[in-house]
Amino acid sequence: ATRIAGFFDPSLTMRNSKMSTTQCQSSSSGNDTPRILRVLALHGSEGTAKEFPNRLDPIKSMLASQYDIDLQITTVEGPFAKGTGFSWWTMKDGERSFNANEYQGFDIAAERVLEAWETQPPFDICLGHSQGAIMLASLIALGKVPHHPTLGYIFNGVSFPNPYRKQVAALKVDESSPMIPRVLFIMGTNDKITPNETGEELQDGLREAGFVVQTIR
């Protein structure tokens, strides 16, 4: 919980941006009102935009009570009905996102996500769970994100976006940018659904590209 809270602490941007020490201190202290952080949250396969924020309630409550941080969560819903919810794309029978060669309908889903990203005030965090995390990773790989969130990305249970393998390999952070993008990976050591090694491959790719990568297992 402490490490997750640390990722949400704006004062940590000091080591990844050209923000001055004074600016960092003023953004994280001396304020009687909660700090509002805007989060774009993408659900996993068979999830819904309405239900997904409920999964984040423990983190939201912890940040509010212990760190005086108010998360304002925006969700987007996948376009394809699946089970009791929705998915971000479709695949052939037996395929998984980490071994599929194509995400069918990806452009339709990407348009939905990017509409929220571009038309609302800048997000501090972009958080994805499982297939939602793969969606974020894919948009990064394809260079479609309009801007990186100010505090970074959180990938929970992510796997490698296999159709965009070449794009991940070609990624390179602009070293002249005032902010180096951060990514926090959360992996379950006993995860039987998303093999950790596929998430680790994405870790290596983003780290090689120049992202600041952290991991919680």
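A few notes on this one:
- Listing of strands (runs of 3 or more DSSP E) fully contained in the range 1-105 that carry 1 or more residues being at pLDDT below 95: 35-42, 69-76
- Set side by side, the residues GLN72, GLN66 differ, and just one is in contact with a helix residue (DSSP H, G or I) (Cβ under 8 Å, 6 or more places away or on another chain) and surrounded by fewer than 16 Cβ atoms within 10 Å (Cβ to Cβ), which is GLN66.
- Positions within the range 94-114 being within 20 Å of ILE154 (Cα to Cα) and open to solvent by 30 Å² or more (accessible area, probe 1.4 Å), in sequence order: PHE98, ARG112
- Within the range 156-174, one or more residues are closer than 17 Å to PHE8 by Cα and crowded, with 20+ Cβ neighbours inside 10 Å.
- Against the conditions (1) open to solvent by 60 Å² or more (accessible area, probe 1.4 Å); (2) of a type in the set (Gly, Ala, Ser); (3) under 28 Å from GLN104 (Cβ atoms), GLY199 satisfies every one except (1).
- Test result for PHE86, within 24 Å of PRO195 (Cα to Cα), hydrophobic (A, V, I, L, M, F, W, C) and in contact with an Asp or Glu (Cβ under 9 Å, 6 or more places away or on another chain): yes
- Of all the residues in the range 158-180, those that are among the β-branched types (Val, Ile, Thr) and under 20 Å from ASP107 (Cβ atoms) number 1.
- ILE140 vs. criteria part of a helix (DSSP H, G or I) and open to solvent by 20 Å² or more (accessible area, probe 1.4 Å): no
The values are calculated or read from the model by the stated rules, or taken from the named source; none is laboratory data. Worth saying up front: this structure is predicted, and the values here are computed from it rather than measured. Cβ coordinates were reconstructed from backbone atoms using ideal geometry, including for glycine residues, and neighbour counts include every protein chain displayed. All accessible areas refer to the heavy atoms of the entire protein, side chains included, with ligands and DNA or RNA removed. Shrake-Rupley method; radii C 1.70, N 1.55, O 1.52, S 1.80 Å.
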